[in-house]
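Presented below is the structure to which this report refers.
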Amino acid sequence: MSAPTVAVWKFASCDGCQLTIIDCEDELLAIAAALDLRLFLEAGPSELLDHYDISLVEGSITTAHDAERIRDVRERSGLLVTIGACATAGGVQALRNSADVAGYTAAVYARPDWIETLATSTPIADHVQVDLELRGCPISKEVLLSTITALVAGRRPAPTGHSVCVECKAAGNTCVLVAHGTACLGPVTHAGCAALCPSFQRGCFGCFGPSESADVDALHTAWRAAGIADADLLRALRTFNVAAPEFAGGAQRVQLRAKEHA
């Protein structure tokens, strides 16, 4: 049986998730042996085929050209896997979605009329069918390897829906929110990072986006009880996964509650 052909595509992003692939180091040779990597400009291969068995897509859709290109990628792909917060939730660049884009381009660029961009930054799934999502900013090396292993073996990767709090318990961490009043998004954030930040006594920043049962309203109550300002929760929700519906809707409700208590 021949190895599956693979392409790695980039859209609006920082390349961090592609670098995670390269950062597999010791496992990279085994990955290369198991996959027929035909397109990965970050690493070298640039063979454009009519069909790839697996496409890994990093980045969000921010231009009309992006929207056209992702449809072409979809047509060339058997399985399409989005990798990272930009591809799965619009990324930090989705901060533009509630901002004056024309005002920003005028302030930043000497010739804003040369800039062709959409008013929003949207995830890949808003434009084409996505078969699998890998969360994170960047993605987890371990999750990436387990996903590739599953795909090569012809099975679906095991889904996870629990929060970072479960990973904290598994690691034996003391809850930084309860014990120290540290601002932490762990209760509403999808697992996948092995509770990296809480393991070093820092609050979770929400890199992996909302968990399946994210209750931002309950977290808001807990943060208030810990003496954390509403403005801090708003900033925390509006970072890597600002356009994720659970975080975006939660931020709106935090604002409303803040006004009611003003």
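Every number in this text was worked out from the coordinates using simple rules, so none of it is lab data. Since the model is a prediction, treat every value here as computed from it, not as a measurement. Cβ sites come from the backbone with ideal geometry, for glycine too, and all protein chains shown count toward neighbours.
For (1) closer than 27 Å to residue 82 by Cα; (2) surrounded by fewer than 22 Cβ atoms within 10 Å (Cβ to Cβ); (3) in contact with a helix residue (DSSP H, G or I) (Cβ under 8 Å, 6 or more places away or on another chain), each residue gets a yes or a no:
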| residue | (1), (2), (3) |
| --- | --- |
| 203 | yes, yes, yes |
| 206 | yes, no, yes |
| 221 | no, yes, no |
| 226 | no, yes, yes |
| 230 | no, yes, yes |
| 239 | yes, yes, yes |
| 242 | yes, no, yes |
| 249 | yes, yes, yes |
Original post:
How about segment 160-196: which of its residues are among the polar types (S, T, N, Q) and surrounded by 14 or more Cβ atoms within 10 Å (Cβ to Cβ)?
Top reply: 160, 163, 173, 182, 189
**OP:** Among the strands (runs of 3 or more DSSP E) lying completely within segment 27-94, list those that include at least 3 residues that are in contact with a helix residue (DSSP H, G or I) (Cβ under 7 Å, 6 or more places away or on another chain) and of a type outside the set (A, V, I, L, M).
**Re:** 52-58
Original post:
Which of the residues belonging to segment 133-151 are assigned to a helix (DSSP H, G or I) and surrounded by 15 or more Cβ atoms within 10 Å (Cβ to Cβ)?
Top reply: 141, 143, 144, 145, 147, 148, 149, 151
Original post:
Of all residues in segment 216-262, which are of a type in the set (Val, Ile, Thr) and in a helix (DSSP H, G or I)?
Top reply: 216, 221, 254
**OP:** Considering every residue within segment 114-122, establish whether at least one is of a type in the set (Val, Ile, Thr) and without any contact (Cβ under 8 Å) to a residue 12 or more places away in the chain.
**Re:** yes
Subject >> Among (1) within 23 Å of residue 96 (Cα to Cα); (2) in contact with a Gly (Cβ under 9 Å, 6 or more places away or on another chain), the one test that residue 238 misses >> reply: (2)
Original post:
Taking into account only those residues within segment 113-131 that are in contact with a Ser or Thr (Cβ under 7 Å, 6 or more places away or on another chain) and polar (S, T, N, Q), which is surrounded by the most Cβ atoms within 10 Å (Cβ to Cβ)?
Top reply: 121
